[in-house]
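Notes follow once the structure below has been shown.
The values are calculated or read from the model by the stated rules, or taken from the named source; none is laboratory data. This structure is a prediction, so every number in the text was calculated from the model and none was measured. Glycine also receives a Cβ, built like all others from the backbone with ideal geometry; neighbour counts cover every protein chain displayed.
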Amino acid sequence: MFKNISVIDLSTGIAGPYCTKILSDLGANVIKVEPPEGDITRISKPFFNTPGNVNQSIKFSFLNTNKKSITLDLFTSSGLSLAENLIRTIKPHLIVENYGPGGLQKSGLSFETIQSINGFTSLVSISNFGSTGPYRNYKAMEINLQAVSGLMSITGEPDAQPLIAGADIAQLNGGQVAALSCLTYLYKSILTSVGTHADISLMEANIDLLENWMLGAFQGQLMPRRGKRHQSGFPSEVYPCSDGYVSVNASPGPWSEMAELMEDTSLDREEYHERSSRPKYRDQIEPLMTKWLDKNKKKEIFHGAQKRRLAFSYIANARDLLESDQLIDRRFFSNIGTNTHPGTPFKIESTVTDSKEAPSLGEHNQEIYEDLLGIQQDNIRTLVEEKVI
């Protein structure tokens, strides 16, 4: 479905490359244009084998599967000319960038310039706060994005300080939103033959994740952090067990199944069955539950509860996921090169099944500059010497 779609990826870091990773995993032809020193994530820890090697970063490897890499300094006259030639030659459907508001324009490659070269190319610009507004030029890293978008305000225990999520959720979610925007504007350009300039704010992309917290604020209600507890009643929270942690929820099965699972008839009292009144008996129920949980292992608890239609799960770490029979059955993980990678979180015919590992820095310079654009080798050597590529 996407094998005839071409994308130029001018982005660095996480959000932009994750956006184009989704597109490349769908089969799009993505050319990653990196500065001569490489994308910043090429030096991000940890590394597969050789620390500091620009081709060994695990983060870069994850974010850039199925792409081609060329090096190019856009902020030189020769670099701008090459970029324009590349756009003219491959006629990309999409260009993704995250130089910040006005950043790409400083190179001379504005949306208007792109349109004059190829009218149906859409430009997707990703920035921390969007291209307008008083924050447009403010700087932000992952922790700042989680803070300013409100995510940290709902993460952690109610009576403790806010916490940052373990993953780069603000940037990864922003990348997903950008990918959805790419598909939307791609569809529009196919229908109208006219490209669009999309303005993606990572702050705004993540405010959507606040759901009822945000809607409550509109009604004058500031909802507190829930910590390890969920709003769906009691019990619906995280508890320790003999080899880790489990999330416990007595729904949707009947309460009698809970008592049977935990092999304790004292849990099967009539007053415990009514969900709305059960929180009143927390001090009686919880000690009985934790006593049983402490003696059992997380995966045994998980499978035993699920057999009784109780919504339990175990807190999985990365090793648990690698060993998950569910993910193995669905062939979620794939071997790419010499490493194992998470697969795409969707199963459709157009996803790439023979994924290629992330490219080494400038791996496709010859293919693109010499074979595609027809630049002579002597000129390529000069461009290298001048640090244009």
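Observations
- Given (1) in the same structural domain as D39 (by TED's automatic domain parsing); (2) outside any helix (DSSP H, G or I); (3) in contact (Cβ under 8 Å) with a residue 24 or more places away in the chain, number of the condition R275 does not satisfy: (1)
- Qualifying positions in the range 174-233 - part of a helix (DSSP H, G or I), of a type in the set (D, E) and surrounded by 14 or more Cβ atoms within 10 Å (Cβ to Cβ): E204
- In the range 194-204, the condition of being under 23 Å from I126 (Cα atoms) and either touching a Cys at 6+ places or on another chain (Cβ under 7 Å) or without any contact (Cβ under 8 Å) to a residue 40 or more places away in the chain (or both) is met by no residue.
- E112 being over 19 Å from the mean Cα position of the chain (by Cα), within 23 Å of S127 (Cβ to Cβ), of a type in the set (D, E, K, R) and buried (at least 24 other Cβ atoms within 10 Å of the Cβ): no
- Top-ranked residue of the range 128-152 - restricted to ones that are among the small types (G, A, S) and out of contact with any Lys or Arg (no Cβ under 7 Å at 6 or more places or on another chain), ranked as surrounded by the most Cβ atoms within 10 Å (Cβ to Cβ): S149
- So G362, is it within 30 Å of L86 (Cβ to Cβ), free of Cβ contacts under 8 Å to residues at least 40 places away in the same chain and small (G, A, S): no
- Strands (runs of 3 or more DSSP E) lying entirely in the range 10-112 (those with 1 or more residues that are basic (K, R)): 29-34, 67-71
- Matching entry among I368, I389, I301 (being within 28 Å of S57 (Cβ to Cβ) and outside any loop (DSSP other than H, G, I, E, B)): I368
- The requirement of being within 22 Å of T344 (Cβ to Cβ) and either of a type in the set (D, E, K, R) or modelled with pLDDT of 95 or more (or both) is satisfied by D39.
- In the range 351-383, the qualifying residues are those that are touching a Gly at 6+ places or on another chain (Cβ under 9 Å) and aliphatic (A, V, I, L, M), and the one that is surrounded by the fewest Cβ atoms within 10 Å (Cβ to Cβ) is V352.
- Note on the range 234-256: residues that are in contact with a strand residue (DSSP E or B) (Cβ under 6 Å, 6 or more places away or on another chain), without any contact (Cβ under 8 Å) to a residue 60 or more places away in the chain and either exposed (fewer than 15 other Cβ atoms within 10 Å of the Cβ) or not polar (S, T, N, Q) (or both) total 4.
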